[in-house]
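The values are calculated or read from the model by the stated rules, or taken from the named source; none is laboratory data. Since the structure is predicted, the reported quantities are computational estimates derived from the model, not experimental observations. Note that each Cβ is placed from the backbone with ideal geometry, even for glycine, and that neighbours are counted across all protein chains shown.
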């Protein structure tokens, strides 16, 4: 089961990071287009700001899973340093993982509730449902759950050893 979860995490992680990079590239391109149309052509477009904001939100929430997989959990590094020389390290890791999972499950639950509530509202300028923008929150949190579980099964905390 452990190997299956880690294999799924690797494949999903690659796809998610590619999508996050694509969203960031689209946001940067739309921002550049907005600057050109506004300040060079003096004819501002009404859709680029909304697209830039939406793509930035998606890139951040998609990148969340990669950062959680990399060990950027809600923890205190000092606690890790103290517990690393004791038999309580596994307990601390389990406690941090459990707290993070509970938080992400709450975010997924209420995120989907918000997506459902705003499904009939449209983004100004793009004329698509605002649910597409809000969906980044529960999707990113759900992918983050996979990252947290994978990090618990195969910890990556290299930043602790390299810090001064």
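Does residue 85 count as over 24 Å from residue 143 (Cβ atoms), free of Cβ contacts under 8 Å to residues at least 40 places away in the same chain and in a loop (DSSP other than H, G, I, E, B)? Talk me through it step by step, then tell me what you get.
On the way: over 24 Å from residue 143 (Cβ atoms): yes; free of Cβ contacts under 8 Å to residues at least 40 places away in the same chain: yes; in a loop (DSSP other than H, G, I, E, B): yes.
When the stated conditions are applied, residue 85 passes them.
Just to be sure, is residue 123 within 21 Å of the chain's Cα centre (by Cα), surrounded by 13 or more Cβ atoms within 10 Å (Cβ to Cβ) and touching a residue at least 24 places away in the same chain (Cβ under 8 Å)? Here the answer is no, as residue 123 does not meet what is asked.
So that you can scan it fast, the table gives a plain yes or no per residue for (1) within 17 Å of residue 123 (Cβ to Cβ); (2) in contact (Cβ under 8 Å) with a residue 60 or more places away in the chain:
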| residue | (1), (2) |
| --- | --- |
| 3 | no, no |
| 13 | no, yes |
| 24 | no, no |
| 31 | yes, no |
| 37 | no, no |
| 62 | no, yes |
| 66 | no, yes |
| 70 | no, yes |
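Residues of region 36-46 include none that is over 24 Å from residue 137 (Cβ atoms), modelled with pLDDT under 90, in a helix (DSSP H, G or I) and out of contact with any strand residue (DSSP E or B) (no Cβ under 9 Å at 6 or more places or on another chain). Checking 133, 94, 98 one by one, the residue that is under 23 Å from residue 67 (Cβ atoms), out of contact with any strand residue (DSSP E or B) (no Cβ under 9 Å at 6 or more places or on another chain) and surrounded by 17 or more Cβ atoms within 10 Å (Cβ to Cβ) is 133 and no other.
Assessment of region 66-74 against the conditions (in contact with a helix residue (DSSP H, G or I) (Cβ under 8 Å, 6 or more places away or on another chain), modelled with pLDDT of 85 or more, assigned to a helix (DSSP H, G or I) and crowded, with 18+ Cβ neighbours inside 10 Å) yields at least one matching residue.
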